[in-house]
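What follows is a short report on a single structure.
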Amino acid sequence: MAILKFVQGRLAQGMVAGAALAGFSSISGPLANGGWYDGNCGGACGQSQHADVLQQMERGRMRNVRWPGQFICPDRIHAAAPFDIMVQNGWRKQNLLGAHHFSEDCTKLTQAGEIRVRWIMTQAPTSYRQIFIERSLDTELTKARIATTQEFASKVSLDGGVPTVTESHLVSDGRPAATVDYVNTQFKENMPVPALPAATAVGEEQ
């Protein structure tokens, strides 16, 4: 019985709401739109604004039904944006050439510079094959570095295209190849011989 009374009550509410909407649609003049338009607009203006109100109500209802679905994708994009920026900055640092990658007159790359450019143009992902040059205080020196890099990169490019070489405010933290080679050589020369310790009898101190 309780369920039947509940259903009857809901049906009665629907009939009242329908009658109210029917009465609302039959009202003419400024009262039909809550006074939202001037009476001088005429009937066409009132009907147009009445339709706009209904469309806004339906639009609001649909937004409420979909909530919060319409905000999920933008939130995901904004949440992932910092990671995209970090990836771009990482590749910019990885593809950066410093002063030690060029000769003193910047007419050619050093061996370390050639190896770095060759790796960028052949091993790096295609979308990240962009070379960055550390900016010098001398503008002409920076231009010479860019021209030298473009010339060599065009030779080692797999598709033969002209690579993108851009100056950057970042500072290369690398060291001269001679210094790195010296450290590695000394490390190898002073490395102890890999051998197991001598066997000892049980109870003897090692």
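The values are calculated or read from the model by the stated rules, or taken from the named source; none is laboratory data. Predicted model, so just to flag it, every value in this text is computed and none were measured. Every residue, glycine as well, gets a Cβ built from its backbone with ideal geometry; the counts of neighbours run over all protein chains shown.
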query: What pairs can you find where one residue is in the range 116-139 and farther than 11 Å from Leu97 by Cα, the other is modelled with pLDDT under 90 and polar (S, T, N, Q), and their Cβ atoms are less than 7 Å apart, with a gap of 6+ or different chains?
result: Met121/Ser157
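Take Thr149 and tell me if it is within 13 Å of Gly98 (Cβ to Cβ) and in contact with a strand residue (DSSP E or B) (Cβ under 8 Å, 6 or more places away or on another chain). Quick ask: steps written out before the conclusion?
Details: within 13 Å of Gly98 (Cβ to Cβ): yes; in contact with a strand residue (DSSP E or B) (Cβ under 8 Å, 6 or more places away or on another chain): yes.
Answer is yes for this residue.
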task: Read through the list (1) buried (at least 17 other Cβ atoms within 10 Å of the Cβ); (2) of a type in the set (A, V, I, L, M); (3) touching a residue at least 60 places away in the same chain (Cβ under 8 Å); (4) touching a Leu at 6+ places or on another chain (Cβ under 9 Å), then give the number of the only condition that Ala112 fails.
output: (4)
query: Which of the residues spanning the range 111-135 are in contact with a Pro (Cβ under 9 Å, 6 or more places away or on another chain) and outside any helix (DSSP H, G or I)?
result: Arg129, Gln130, Ile131
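Out of Ser172, Ser154, Ser168, which single residue is more than 27 Å from the chain's Cα centre (by Cα) and surrounded by 12 or more Cβ atoms within 10 Å (Cβ to Cβ)?
Ser154 is the lone residue from the list that is more than 27 Å from the chain's Cα centre (by Cα) and surrounded by 12 or more Cβ atoms within 10 Å (Cβ to Cβ).
Might you let me know whether the range 132-140 holds any residue that is of a type in the set (Val, Ile, Thr), farther than 23 Å from Ala177 by Cβ and at pLDDT 90 or above?
Yes: one or more hits.
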query: If you go through the range 139-184 one residue at a time, how many are more than 22 Å from Asp105 (Cβ to Cβ) and among the aromatic types (Phe, Trp, Tyr)?
result: 1
message: So in the range 66-113, with the set limited to residues that are in contact with a strand residue (DSSP E or B) (Cβ under 8 Å, 6 or more places away or on another chain) and basic (Lys, Arg), which one is farthest from Val171 (Cα to Cα)?
response: Lys108
